[in-house]
Amino acid sequence: MEKGIFITLLTVIMSQGCFFKGISQVTEMSNKVTIEQLFTDFAKEKNTVRIKIGSFTMALTRIFTGTKGISGVEVYSFDECNSVVKNKFNTAIQNLKDQSYETLLSTSKNGETTKVFLKMKNDFINEIVVVTGGDGPAMIRIKGKIKPDDIQSVINENKK
């Protein structure tokens, strides 16, 4: 009987460590923000400035500019939002983790955070997402079927 109680107590004590570890993992997971959540949640905030350029407009601009492979652009600026929204956005950027995107750049300096993400498919870039936090938070999403070489050629054309 004493051996059974001892085994039961030992099992309970050992499982508590697993239980608390499980809770911390669930909490950690719930704090993670995906890129889609970021766009969905913050696009509807009051005073958000939104600019969306669709595929038809992009097709027209392709005639005059070097927008190779880009089918759409979305820009969201939170400059006009109150400090609560800006702080919430800055926190969301810190927790931004999305397995379907590759992180190209992540930097933080003087209270400003910038992250650049890519979504690749079949050697093409399907999306480029840039988020920046701090006093002038913003997010940009560029969609299309973009060749990495085209990006390099645009960079080379615009060097000073």
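The values are calculated or read from the model by the stated rules, or taken from the named source; none is laboratory data. As the structure is a computational prediction, the values presented were derived from the model and not from experiment. Cβ sites come from the backbone with ideal geometry, for glycine too, and all protein chains shown count toward neighbours. Note: areas computed on protein heavy atoms with side chains; ligands, DNA, RNA excluded. Shrake-Rupley method; radii C 1.70, N 1.55, O 1.52, S 1.80 Å.
Key figures
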| read-out | value |
| --- | --- |
| Flag for Asn82 being in contact (Cβ under 8 Å) with a residue 12 or more places away in the chain, under 19 Å from Phe39 (Cβ atoms) and polar (S, T, N, Q) | no |
| Counted residues, segment 103-151 - those being at positive phi and buried (at least 18 other Cβ atoms within 10 Å of the Cβ) | 1 |
| Count - residues of segment 68-102 that are farther than 15 Å from Met139 by Cβ, open to solvent by 40 Å² or more (accessible area, probe 1.4 Å) and either hydroxyl-bearing (Ser, Thr, Tyr) or over 14 Å from the mean Cα position of the chain (by Cα) (or both) | 7 |
